[in-house]
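K.L.:
This is the structure I want to talk about, given as structure tokens.
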Amino acid sequence: MSEKLSHVETIKTNSDGLRGTLKESLNDNHTGGLRADDEVLVKFHGMYVQDDRDRRAERAEKKLDKLYSFMLRLRIPGGTITAPQWLAAHSISEQYGTGTLKITTRQTLQLHGLLKHQLRPTIQAFNLAELDSIAACGDVNRNVITSAHPQVSPLHQQVYGYADKISALLLPKTQSYYEIWIDGEKIYERSQEADPLYEDRYLPRKFKIAVAIPPSNDVDVFANDLGLIAIIKNNELKGFNIVVGGGMATTHGNPDTYSRLGTILGFTDTEEKTLKAVYEVATIQRDFGNRSDRKFSRLKYTIDKMTVEGFRDELERRIGFTLLPEQPYEFTERTDRYGWQQNYEGKWYYTLFVENGVIKPYQKQLLYEVAKLNASNFIFTGNQNLILGEINAENKPVIQSLISKYSIEDKDSALRKNSMACVALPTCPLALAEAQRYLPELVTKIEPYLEKYNLENEEIVIRMTGCPNGCGRPYVAELGFVGTAPGQYNFMLGGDRFGERLNKVYKEKLNEEEILSEVDNLLNLYVNERTPGETLGDFGNRKFFVQNN
């Protein structure tokens, strides 16, 4: 007997290729929101319906509708855009929404605060700049990310190309995006939009892919549904280790939900085999994923239900070849390479620290002036920072002068530069606590303890999310904080520095005073009991978890 499908599954299959009644919802002037079913479908077009939770009570008291707005997320495989495209994003953000550009943990840009009547002109303006938001959200493959800094490898450009190829391979075939947002005309009959990958069901849940280039794991490859680890020998790309089943989200109070790091299934040695494996991993998730309970619908649960061996067998049956044995690799870094760096071609790159991805007004003005020079591209990193890239030697001095003009200096602590937070309040409907607005303040309060123990230069990875969904990847941090209630967090400890080991709950439901007390105690133990070269995450794991087993 088949399981009962969730309501979201019914919405998808009845949506007429993700069209639903979006046109009617957009023309409804009685509310700033959308019809309930269309709130689900608009995600596939790269948008979330949100409201300002800070003002809910005030508006409810006045018998007013929620203060609805929309978040729009672009699809930028590999996170690189041109200077003209940056100028377009700058202009669009000034005209629509809050004016703020936000870099996400998936190497793309988000605009917040868009009103319903602004959606079409915003998307049309991005379309003119050859940017779109197709499949940036929803139960499909989302923005494909890859190691950001070209200095990582001379083969960076070759590996980066896989992000585009995979994104195109897994893009939904429906033309509803263009029909609803661009020109209003139906381009094809539905029969001409046949989609052998997504069919009319799409995937059971969101699907995330990352491509890592060792020695850098800046993409947190093991936290993704599907990961590719580039194997490079003698300056030649030999292929990829295939990683499946990573995922961060859990649910408080539900022990059957869990974070999981991806498992390496094997190795593919040609582009054709790699892309075939990627495609068929998605089809297995389509066919075997849980469609009745969305809490258990990510690929990690599908794999654990099938077993890793069963999943590999099914994948090899579908791809028609046997995966080769895993190839050796090593990750030795996860942070971004800040400041000026030069690649093997002599091109210059400048990495700008953008705290939690929120581009500050003075940074935005700097980037606008740099973009007007048309002397660089713009690369978003998986750590929510921005690289000005492909800069010729003759253009470096003028860009440096602009950096100096806006007092962009490398003065932030190592802890701050290794921090990450999700958006959380006031716009995320799932947030239980603050994250993006609070983590900078918490880091400021932790920094004196680092000075106290002479740890200011320690590259400690700290991350915070407002709920257990883990959008800021707190479960692969050395210091992780997961919101449980306003002003209250679970303190996660024992993750390694390079994203290859999950952390565990160290203390539950702490307020700020308790967090700072625990951090003080932890750092004191660390400096007195650590072994030579031991990182804070490794120490925490050894001290509080391994010894107790």
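The values are calculated or read from the model by the stated rules, or taken from the named source; none is laboratory data. All figures in this text were calculated on a predicted structure; none of them were measured in a lab. Counting neighbours? That spans all protein chains shown, and the Cβs are built from the backbone with ideal geometry, glycine included.
K.L.:
If the requirement is being surrounded by fewer than 21 Cβ atoms within 10 Å (Cβ to Cβ) and acidic (Asp, Glu), which of these qualifies: Asp256, Asp225?
P.N.:
Asp256
K.L.:
What are the residue pairs meeting all of these: first residue in the stretch 299-327, first residue under 17 Å from Arg286 (Cβ atoms), second residue of a type in the set (Gly, Ala, Ser) and surrounded by fewer than 15 Cβ atoms within 10 Å (Cβ to Cβ), Cβ atoms under 9 Å, and 6 or more apart or on different chains?
P.N.:
The qualifying pairs are Ile303/Gly310.
K.L.:
Please work out which residue is surrounded by the most Cβ atoms within 10 Å (Cβ to Cβ), limiting yourself to the stretch 385-436 and to residues that are under 25 Å from the mean Cα position of the chain (by Cα) and assigned to a strand (DSSP E or B).
P.N.:
Ranking the qualifying residues of the stretch 385-436, first place goes to Ala421.
K.L.:
Further question on the same structure: Take the residues in the stretch 341-364 that are in a strand (DSSP E or B) and within 25 Å of the chain's Cα centre (by Cα), then tell me which one is farthest from Arg106 (Cα to Cα).
P.N.:
In this case the residue turns out to be Gln341.
K.L.:
How many residues are surrounded by fewer than 21 Cβ atoms within 10 Å (Cβ to Cβ) and β-branched (Val, Ile, Thr) if we restrict to the stretch 63-87?
P.N.:
1
K.L.:
Taking into account only those residues within the stretch 180-197 that are in a loop (DSSP other than H, G, I, E, B), under 26 Å from Arg120 (Cα atoms) and in contact with a helix residue (DSSP H, G or I) (Cβ under 7 Å, 6 or more places away or on another chain), which is modelled with the lowest pLDDT?
P.N.:
Looking at the filtered set, the residue picked out is Ile187.
K.L.:
Does the stretch 284-298 contain any residue that is in contact with a Phe, Trp or Tyr (Cβ under 9 Å, 6 or more places away or on another chain), of a type in the set (A, V, I, L, M, F, W, C) and either surrounded by fewer than 17 Cβ atoms within 10 Å (Cβ to Cβ) or in contact (Cβ under 8 Å) with a residue 40 or more places away in the chain (or both)?
P.N.:
no
K.L.:
In the stretch 147-179, which residues are at pLDDT below 90 and of a type in the set (A, V, I, L, M, F, W, C)?
P.N.:
Hit for the stretch 147-179 is Val152, nothing else.
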